[in-house]
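The structure appears below as structure tokens.
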Amino acid sequence: MDIPKAHLVDMYETMVRIRRFEERIRELYFADKLPAFDIAAGLIPGEMHLAAGQEPVAVGMRPHLHPGDAITATHRPHHVAIAQGVDLNKMAAEIFGRETGLGHGKGGHMHLFSVEPNFGCSGIIGEGMPVAVGAAMAFKARGTGNIALSYFGEGAANQGAFHESLNLAALWKLPVVFICEDNAYAISVPKASSTAIPDNSDRASAYGIPGVLVPENDPVAVYEVMGAAMDRARRGDGPSLIEIKTDRLWGHFEGDADAYRSDEFKEDMNDRDPLVAFGKRLVEEGVLSEAEQAAIKEKEYATVEAAIAFALASPYPAPEAALNHVFA
Amino acid sequence: MTTMTDRKLTMQKAIAEGIAQEMAVDPSVFVMGEDVGVYGGIFGATEGLLDKFGPERVIDTPISETGFIGAAVGAAINGMRPIVELMFVDFFGVCMDQIYNNMAKIHYFSGGNIKVPAVLTTAVGGGYSDAGQHSQTLWGLFAHLPGLKVVVPSSAYDAKGLMISAIRDDNPVMYMFHKGALGLGWMVNNPHATGPVPEESYTVPIGKARVAREGTDVTIVTVGLSVHKALDAAALLEADGVSAEIIDLRSLVPLDREAIVASVQKTHRLLVVDEDYQSFGMSGEVITTAVQGAFDYLDAPPVRVATPDIPIPYSHPLETWTLPSVDRIVAAVTEMVSG
């Protein structure tokens, strides 16, 4: 691996942090919804879309990010937000609906917005793609040297917003990288039942921009492809479309019976868990020993616990605060 | 008319049964939308249909609402009766042009020559901390647009009968089911969500309100899950000696103005409970109807309990404060009758 060791370590640490965050959110999400699952009940009510397994798509771009770069993510946003460095305490507090959260409890887990770093996401499929185009327009007009990254699922590539955004970004040669997280299922609908061609990266040719497929759910492969695409955007050579084959280890949302994916599919998926695979590889290549990885886990677990403790110690907003922030 | 029955169904199962019965007798009926097949609909409205009718008639679509809702329009004007699902009404933004510039207007533009017999089903409503992109009702928005019928069932019986009516209707019908009224296993248990449903096919006419509870002191006009809240509030008010009549509109378009006026003429007071945003919506329309039709009968200014004009917030205390509740209904009625 011809990659600076610091970058490999950083990617591993971030993967551990993301996975731990998702595990703890999952535990707390279910902690008080029993015996009968009630989506409205508990410390974390509402839908919860967790990204365990999709860490590589997020951490691979992280070493190439500059301050001020913008990211738009999806309804499954935690991994990308954490990789970009969104304040973990405020993010946790938002997910727990607290006054100290990123949006003072107004947005919740699908609507996390951060000014610094410049992060946004949405519960609507494909909604972030035109926004990333606009961010890139602003960076170009203001000469900031920044770029925009737009994350979306393979299901979103069949939305009009995908095609319109690609065309605009290509037409105006904007500094955007479009990143398709292909986890093979749009809720229950497999890609083969939703998409006319196997790889969305091939759709780039319709707009005259590079389209690159990353066939493995591996942070190093993502690092290399994203590095090239982000450099290209930063140089002023225009947008790229990247498709990364990844895995959603858990259901579409927590509480999803996940009956639409076969046991065999799920077994194979769990066997190739990217966090386990990357950890093994780092040992084999002499980058991080098992003891060093254990120390990283301890540190990252503590970071996650601190964020959750911060959230749980924070007050709920006053009910009437619902009226605030409608207009500037 | 239908026979009485002891069989009870949830509203979700009643909707799926209504669709299945129409599909069985009318080969032009088909279903499409996201996760309507293998999954059975995220809210179960198409449960079991794929097994019964196969993938030619129960079609899982890509996430392409403009495409497949527009396709429903095309199919409807060419001999089919599509039922097309917009998973959450909040997602209307990606496909509104096909709904309001196409589906709703073609019959008018054609001078009545072309019919668009499509049913657009969609899930509405909040109360479970899904935040502002998955919790709206928005029926006022669709009712505002000429050319769409807008149906909102609140009981299992009505849900089946209104679905069958919607499928047979030669107009585009927006069929909006409230997530909290469906009787889903993963939502808070709502005893009103289950009720008697005859096994045979039957219709409930679109445009006729239902008196969900008779009373004499105040009329509560409402729709959807708020009917259940109004019933709970009425039980509490009765203990205080206040008799509330509840009008379940069942559809916003057509609006049963006669039922509103008749009830207000009887009770002399009007409260509108609307989970939609307060301004420029259903509550204003109902009050206008009452003022025009029963002005001399009113003993108090009409009052409304609605969602204030703010996006629906995520955090539990914020959302609870925002949405109409039993407490807010009781307080509003109590103030009105004591004033």
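The values are calculated or read from the model by the stated rules, or taken from the named source; none is laboratory data. Given the structure is predicted, the values throughout are model-derived calculations rather than measurements. Reconstructed Cβ throughout: ideal geometry from the backbone, glycine too, with neighbour counts over all protein chains shown.
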Here is a list: B:THR66, B:THR61. Which entry is touching a Cys at 6+ places or on another chain (Cβ under 6 Å), touching a residue at least 24 places away in the same chain (Cβ under 8 Å) and more than 20 Å from B:VAL253 (Cβ to Cβ)?
B:THR66
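Residue by residue through the range B:12-34, note down the ones that are closer than 21 Å to B:ALA193 by Cβ and either in contact with a Phe, Trp or Tyr (Cβ under 7 Å, 6 or more places away or on another chain) or in contact (Cβ under 8 Å) with a residue 40 or more places away in the chain (or both). Give the steps one after another, and end with the answer.
Step one: of the range B:12-34, the residues closer than 21 Å to B:ALA193 by Cβ are B:12-21.
The answer is B:GLN12, B:LYS13, B:ALA14, B:ILE15, B:GLU17, B:GLY18, B:ILE19, B:GLN21.
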Is there a residue being within 10 Å of chain B (Cβ to nearest Cβ), in a strand (DSSP E or B) and under 22 Å from the mean Cα position of the chain (by Cα) anywhere in the range A:166-184?
no
Listed by first then second residue, the pairs whose first member lies in the range B:316-339 and is within 11 Å of chain A (Cβ to nearest Cβ), whose partner is surrounded by 20 or more Cβ atoms within 10 Å (Cβ to Cβ) and among the hydrophobic types (A, V, I, L, M, F, W, C), with beta carbons under 7 Å and at least 6 positions apart or on separate chains, are B:LEU318/A:ALA322; B:GLU319/B:ILE312; B:TRP321/A:ALA322; B:THR322/A:ALA322; B:THR322/B:ILE312
Please verify whether the range B:289-307 includes one or more residues that are aromatic (Phe, Trp, Tyr) and surrounded by 22 or more Cβ atoms within 10 Å (Cβ to Cβ).
no
Pull up the range B:308-321, narrow it to residues that are surrounded by fewer than 22 Cβ atoms within 10 Å (Cβ to Cβ) and part of a helix (DSSP H, G or I), then point me to the one that is nearest to the chain's Cα centre (by Cα).
B:THR320
Hey, could you check the range B:41-68 for residues that are away from chain A (no Cβ under 12 Å) and in a helix (DSSP H, G or I) and say which is surrounded by the fewest Cβ atoms within 10 Å (Cβ to Cβ)?
B:ASP51
Are any residues in the range A:150-163 assigned to a helix (DSSP H, G or I) and in contact with a helix residue (DSSP H, G or I) (Cβ under 7 Å, 6 or more places away or on another chain), and if so, which ones?
A:GLU154, A:GLY155, A:ALA156, A:ALA157, A:ASN158, A:GLY160, A:ALA161, A:PHE162
In the range A:43-64, what residues are buried (at least 19 other Cβ atoms within 10 Å of the Cβ) and more than 24 Å from A:PRO219 (Cβ to Cβ)?
A:ILE44, A:PRO45, A:GLY46, A:GLU47, A:MET48
Right, A:LEU43: more than 12 Å from chain B (Cβ to nearest Cβ), assigned to a loop (DSSP other than H, G, I, E, B) and either within 28 Å of A:ALA291 (Cβ to Cβ) or in contact with a helix residue (DSSP H, G or I) (Cβ under 7 Å, 6 or more places away or on another chain) (or both) or not?
no
With respect to A:LEU28, is the statement that it is part of a helix (DSSP H, G or I) and over 30 Å from A:SER289 (Cα atoms) true?
yes
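Tell me the residue from B:GLY44, B:GLY48, B:GLY67, B:GLY37 that is over 21 Å from B:LYS115 (Cβ atoms) and at pLDDT below 95, please. Even if it seems obvious, please write down each step before you answer.
Details: B:GLY44 fails: at pLDDT below 95; B:GLY48 fails: at pLDDT below 95; B:GLY37 fails: at pLDDT below 95.
After ruling out the rest, the residue left standing is B:GLY67.
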Out of the residues in the range A:79-135 that are more than 22 Å from A:ARG19 (Cα to Cα), in contact (Cβ under 8 Å) with a residue 60 or more places away in the chain and assigned to a helix (DSSP H, G or I), which is nearest to the other protein chains (Cβ to nearest Cβ)?
A:ALA132
If I ask for residues that are over 17 Å from B:VAL223 (Cβ atoms) and either of a type outside the set (D, E, K, R) or buried (at least 22 other Cβ atoms within 10 Å of the Cβ) (or both), which ones from the range B:238-260 would you list?
B:ALA239, B:GLY241, B:VAL242, B:SER243
For A:MET269, work out the one condition from (1) away from chain B (no Cβ under 14 Å); (2) touching a strand residue (DSSP E or B) at 6+ places or on another chain (Cβ under 9 Å); (3) not acidic (Asp, Glu) it doesn't fulfil.
(2)
